[in-house]
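Note sheet for the following structure.
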Amino acid sequence: MTGFSPADFGRAFNKIQIEYQTGIGAYLAPVFHIVAFLLICSLFIGKKKSKNYFSLWFTVNYSWILLYVGIYMFYRFYQEIGIQSIVFWGIMPLLLTYILLNWIRETKNPKTNYNFTKSSKWRFLIIPLVAFGFWYPTYIYGHGFVFLPKDLLFSFFGLMPCPTTIVILGLLSIQYPDVNKNLFNALTLFAVWVGTLQLLIGYVPDYPLAIVGYYSLFLIVKNHFKWHRTKARSAL
């Protein structure tokens, strides 16, 4: 196979995703949805031990995503489209490894404050995107979204990095900068990089990933300048 063909990647991606969602994903998706929903509810209720379970669970979740999406799907893409798979998917294992390492560090040494009661009200405007990432409704090319109740249990949330990152990064953005900044930066890097590529190829379901990524990047830059202003004033 010669030449650079996004169409070949699109066909391979659709085939591999269907294999995943109708195969092992059909058994794992409800688990990822139910456990994540219960943990997120516990965080908002304010249970102290929930934050530890939250970090541990998503360390496990991103471990699975790295193994299946980052490594196995990379292999499947190589089977389908050959060396071109490096161009389309080669960055994925690196980005996911970076995220996972920071989840492991967060689990060992928690730095994120999950007390949402003291957060600015306007920060909660991100919640509709968080809900979208959790539901991640079925999208049919040429027809648009199909909002099916079953996707609340069987969507790609937990199975694929894009919807999972929409949810997690969206929640962390409510608390920023009182979070594990290395983890936040890793998730933002993924969202901006992959989200921008999805914008370029016109993959509508991941437009929210780009939005959350750009918003998180804005928070990082804003906090950076605020820190420098504070440091300059203290030096006077």
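Laboratory data are not the source of any read-out in this text; all were calculated from the coordinates shown. These figures come from a predicted structure and were not determined experimentally. In this analysis, Cβ positions are derived from the backbone assuming ideal geometry, glycine residues included, and neighbour counts consider all displayed protein chains.
Measure nothing but the geometry: give the 0 to 90° angle between the long axis through the Cα atoms of 92-108 and the longest principal axis through the Cα atoms of the chain, rounded to 10°.
For helix 92-108, the angle is close to 40 degrees.
Give the angle, between 0 and 90 degrees and rounded to the nearest 10, that separates the Cα long axis of helix 181-201 from the longest principal axis of the Cα atoms of the chain.
40 degrees
Determine, from the Cβ-Cβ distance of Leu94 and Lys118 and an R0 of 30 Å, the FRET efficiency 1/(1 + (r/R0)^6), rounded to the nearest 0.05. Write down the numbers at each step before the final one.
Details: r = 35 Å, r/R0 = 1.18.
For R0 = 30 Å, the calculated efficiency reads 0.25.
What is the distance in Å between the Cα centres of the stretch 174-218 and the stretch 67-120?
Using only Cα atoms, the two centres lie 13 Å from each other.
As I understand it, the dipole of the stretch 1-124 uses +1 on the Cβ of Lys and Arg and -1 on the Cβ of Asp and Glu, about the Cα centre. Which of Val35, Asn113, Ile16 lies farthest toward its positive end?
Asn113
Cα gyration tensor of the stretch 24-118, axes a ≥ b ≥ c as square roots of the eigenvalues: rounded (a/c below 1.5), prolate (a/b > b/c) or oblate? Intermediate values should be presented prior to the final figure.
Working: a/c = 3.40, a/b = 2.01, b/c = 1.69.
Because a/c hits 1.5 or more and a/b exceeds b/c, the stretch 24-118 counts as prolate.
Would you please put 200-212, 114-126 in order of how densely packed they are, using the mean number of other Cβ atoms within 10 angstrom per residue and starting with the highest?
On the way: 200-212: 18.5, 114-126: 12.5.
Listed from highest to lowest mean packing, they are 200-212, 114-126.
In this model, which of Lys15/Lys181; Lys121/Lys181; Lys15/Lys150; Lys118/Lys222; Lys47/Lys181 are farther than 29 Å apart at the alpha-carbon?
Values: Lys15/Lys181 36 Å; Lys121/Lys181 21 Å; Lys15/Lys150 21 Å; Lys118/Lys222 20 Å; Lys47/Lys181 23 Å.
Those over the limit are Lys15/Lys181.
When the convex hull of the Cα atoms of the stretch 6-235 is projected onto a plane and the area is averaged over all directions, what value comes out in nm²?
Working: hull surface 54.2 nm².
Average of the hull's projected areas for the stretch 6-235 equals 13.6 nm².
What is the angle, in °, between the Cα long axis of helix 50-65 and the longest principal axis of the Cα atoms in the chain? Nearest 10 is fine, range 0 to 90.
Around 30 degrees separate the two axes.
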